[in-house]
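Beneath this line is the structure, given in structure tokens, with notes to follow.
Rule-based calculations on the coordinates, nothing more; no lab input. Please read all numbers here as calculations on a predicted model, not as lab measurements. Don't worry about glycine lacking a Cβ; one is built from the backbone with ideal geometry, like all the others, and counts go over all protein chains shown.
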Amino acid sequence: MNNVQVLEGVSPQAIPFDDLFAQQQPVILRDLVKEWPLVQAAKGVALEAMALLEQHDSGRPLLVYKGAPAIKARFAYNDSCTGFNFKSEKSTIAAAFAHIREQLAQEEHDYLYINSLKFNDGFPELSRQHQLNFNHPEFENNQPVAKIWLGTESIAAAHFDQPKNLACCVQGKRRFTLFAPDQVHNLYPGPLSPTPGGQVVTMADLNAPDFEKFPRLQQALDNAYIADLEPGDALYYPSMWWHQVQAYDRFNIMVNFWWMAAEPHLGNPMDALMHCMLSVRDRPLAEQQAWRELFNYYIFDDAQQVRQHLPVESQGALAPMDDTMARRMRSLLLNNLNR
């Protein structure tokens, strides 16, 4: 396993984004948000932060994942991978928190998980009080979106997200187990659909690894990064890094900030991946190899080299992509797909 670099003494007003981006790996920012009101409330009487959240709740309905005691905090698939070991239901903050409080004295209890709630939607006033200074050119066209994650103990199976992430631990201890994108070959991804939270997740239980069933998992674990966070700590990690997130306490809060580095008009690469499954994956091997060369040439090699021998007025989609060309290409693809 790899050590995660730790930065001490970083201010929420002066986050060294250039240094973070240069690492190309996870970085812990110790005590970054220790002065946030929710972090301070979490240090007081038990569940004081829960009361603060209820006080500022917008009252909007939200989605709650609820699992029986038997899932042991791990929100995952059912045995056939056609569904999940938990239920999703519309609820409210008041109802979810009441359920958690009712079972606080019970050793066996239900597991509740409110995930990826837009902070400003659920708690607009608190959202304004819990901000970071995103003063860097990368954020000019892609402002970070703040999400809040609430609930009992939970384990979110390892998955990747396209945005970059700055995750702030607010209440309860939390562990991130992270893997570089090249470890996908060793992580045994599950179905593309359905997924527990909208993204592909590993089929392996990292806390109880079955190396007979998933032999390459050992290589992934050997290359993992472990980040243990206390309330007030934050963790930065790059786009596309796989991560399992485990919350340990009876009530936990995390706030994270997501942003994309790419221009918005570039769209979603998962659409291209799905299209390739449709049109390339099952072709004869010789054709696959030929298409691999074309993809390398047009997509992954030096784009300037690809177009440099062409007059500028003839480069079309080979030129640097802008919003106008992106719209033209989407229109062309839609017409082709609908033939």
* Asked: With contacts defined as alpha carbon pairs under 8 Å and 6 or more residues apart, what's the relative contact order of the chain in percent?
  -> 22 percent
* Asked: In Å, what Rg and Dmax follow from the Cα atoms of the stretch 267-337?
  -> 13.7, 36
* Asked: What 222 nm value per residue comes from the helices of the chain, counting each DSSP H run with n ≥ 4 as -39,500 (n - 2.57) and dividing by all residues, nearest 500 deg cm²/dmol?
  -> -7000 deg cm²/dmol
* Asked: Residues of the stretch 195-224 with amide nitrogen under 20 Å from the 7 Å Cα-to-Cβ point of residue 162?
  -> 195-202
* Asked: In the structure displayed, which of 66/164; 43/164; 118/164 lie more than 25 Å apart, Cα to Cα?
  -> 66/164; 43/164
* Cβ under 12 Å from residue 7's Cβ, residue 7 left aside: what net charge do those residues give with Lys, Arg +1 and Asp, Glu -1? -> -3
* Where the centre of each part is set by its Cα atoms, how far does the stretch 112-172 sit from the stretch 1-76, in angstrom? -> 8 Å
* **Fluctuation leader among 50, 254, 329 - the chain, Gaussian network, Cα springs under 10 angstrom** => 329
* If the chain between residue 128 and residue 272 were fully stretched, how many nm would it gain, using 0.36 nm times the residue separation less the Cα-Cα distance? -> 48.2 nm
* Mind listing the long-range amide H neighbours of residue 241? Cut-off is under 5 Å, sequence gap 5 or more, other chains count too, H placed in the peptide plane at 1.01 Å from N. => 161
* Report the one residue of 338, 209, 88 whose Cα lies farthest in the direction of the positive end of the charge dipole of the chain (charges on C-beta: Lys and Arg +1, Asp and Glu -1; origin at the Cα centre). => 338
* Asked: Taking the chain as a Gaussian network, Cα atoms linked when under 10 Å apart, which of 11, 127, 80 shows the biggest mean-square fluctuation?
  -> 80
* Stretchable slack from residue 56 to residue 30, in nm (0.36 nm times residue separation minus alpha-carbon distance) -> 6.6 nm
* Asked: Counting only DSSP beta bridges with both residues in the stretch 5-262, what percent are antiparallel, rounded to the nearest 5?
  -> 90 percent
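Once you list every other residue whose beta carbon is under 12 Å from the beta carbon of residue 263, what net charge do they have if Lys and Arg are +1 and Asp and Glu are -1?
So the surrounding residues net to -4.
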* Theoretical gain in end-to-end length, residue 336 to residue 139 [0.36 nm per residue, Cα-Cα removed] -> 67.5 nm
